[in-house]
Amino acid sequence: MMEDIEPPKVKGVAVAIVPEINEENEQEWSVYLINFQDKQIEGVLVSSEGYGQIKGEHKKTSLLRHFLGEIEPNTFKKIESIIPDVFAMTNQYWVSYYADKVLHDKKYIFVSGSIDSLNFSQIPLLNTEGVMIK
């Protein structure tokens with residue numbers, strides 16, 4: 001029975017991690033959910049966690065849940081701030097939302113070491129550089 005159910009494909013939604021300058025003129029990192037679609041997404045829920053090896057020892061961050069509500073077409077919302085200490089870990093963002101009254105979900109996984117300026121690209125809508133998974 002369950003094998004007969006085809007979950008809808010997630011298209012036009014991305015997670016981006018970008019460096020920013022805060023009010024104290026210091027660099028900080030932010031994680032954004034971007035809706036590239038021409039329709040609003042609703043009931044947006046994001047679970048975030050980090051896990052992996054640091055200096056040979058297994059580490060895991062707390063599981064955080066963020067309710068973002070609605071995200072208008074071709075806009076974005078900040079999920080959370082992130083510290084560079086966890087860039088050596090795998091950082092996972094599990095995004096769930098409704099579009100056209102259908103539940104969609106997808107895991108966006110930034111593997112260990114992928115959050116690096118060597119992997120930067122221009123992030124549309126944010127008008128800055130960073131690392132994005134679509």
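The values are calculated or read from the model by the stated rules, or taken from the named source; none is laboratory data. Given the structure is predicted, the values throughout are model-derived calculations rather than measurements. In this analysis, Cβ positions are derived from the backbone assuming ideal geometry, glycine residues included, and neighbour counts consider all displayed protein chains.
Filtered by the rule that a residue be assigned to a loop (DSSP other than H, G, I, E, B), on the phi < 0 side of the Ramachandran plot and not hydrophobic (A, V, I, L, M, F, W, C), segment 34-58 gives GLN37, ASP38, LYS39, GLN40.
Yes/no per residue for (1) under 13 Å from VAL13 (Cα atoms); (2) of a type outside the set (A, V, I, L, M, F, W, C); (3) touching a residue at least 12 places away in the same chain (Cβ under 8 Å):
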{"residue": "GLY43", "(1), (2), (3)": "no, yes, yes"}
{"residue": "GLY69", "(1), (2), (3)": "no, yes, yes"}
{"residue": "ASN74", "(1), (2), (3)": "yes, yes, yes"}
{"residue": "GLU80", "(1), (2), (3)": "no, yes, yes"}
{"residue": "ASP85", "(1), (2), (3)": "no, yes, no"}
{"residue": "ASN91", "(1), (2), (3)": "no, yes, yes"}
{"residue": "LYS107", "(1), (2), (3)": "yes, yes, yes"}
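One residue alone among SER112, SER62 is in contact with a strand residue (DSSP E or B) (Cβ under 8 Å, 6 or more places away or on another chain), of a type in the set (Gly, Ala, Ser) and closer than 22 Å to GLY130 by Cβ, and that residue is SER112.
For segment 57-112, how many residues meet the condition of being closer than 23 Å to ILE21 by Cα and either touching a Leu at 6+ places or on another chain (Cβ under 6 Å) or acidic (Asp, Glu) (or both)? Summing the residues that are closer than 23 Å to ILE21 by Cα and either touching a Leu at 6+ places or on another chain (Cβ under 6 Å) or acidic (Asp, Glu) (or both) in segment 57-112 gives 5.
Looking at this structure, is GLU26 free of Cβ contacts under 8 Å to residues at least 24 places away in the same chain and not aromatic (Phe, Trp, Tyr)? Taking the combined requirement at face value, the residue satisfies it.
Please indicate, with yes or no, whether at least one residue in segment 43-56 is acidic (Asp, Glu) and exposed (fewer than 13 other Cβ atoms within 10 Å of the Cβ). No, every residue in segment 43-56 fails to be acidic (Asp, Glu) and exposed (fewer than 13 other Cβ atoms within 10 Å of the Cβ).
TRP94 satisfies every condition listed in (1) in contact with a strand residue (DSSP E or B) (Cβ under 6 Å, 6 or more places away or on another chain); (2) surrounded by fewer than 18 Cβ atoms within 10 Å (Cβ to Cβ); (3) more than 25 Å from GLU6 (Cα to Cα); (4) modelled with pLDDT of 95 or more except (3). Within segment 62-91, if we keep just the residues that are touching a Lys or Arg at 6+ places or on another chain (Cβ under 6 Å) and either at pLDDT below 95 or in a strand (DSSP E or B) (or both), the residue that is nearest to VAL31 (Cα to Cα) turns out to be LEU68. Taking every residue in segment 117-134 that is more than 13 Å from ILE34 (Cα to Cα) and pairing it with any residue that is surrounded by fewer than 13 Cβ atoms within 10 Å (Cβ to Cβ), at least 6 positions away or on another chain, the pairs with Cβ-Cβ distances below 6 Å are GLU129/GLN122.
Per the conditions (1) out of contact with any strand residue (DSSP E or B) (no Cβ under 6 Å at 6 or more places or on another chain); (2) under 19 Å from ILE133 (Cα atoms); (3) free of Cβ contacts under 8 Å to residues at least 60 places away in the same chain; (4) surrounded by 11 or more Cβ atoms within 10 Å (Cβ to Cβ), the sole criterion not satisfied by GLN37 is (3).
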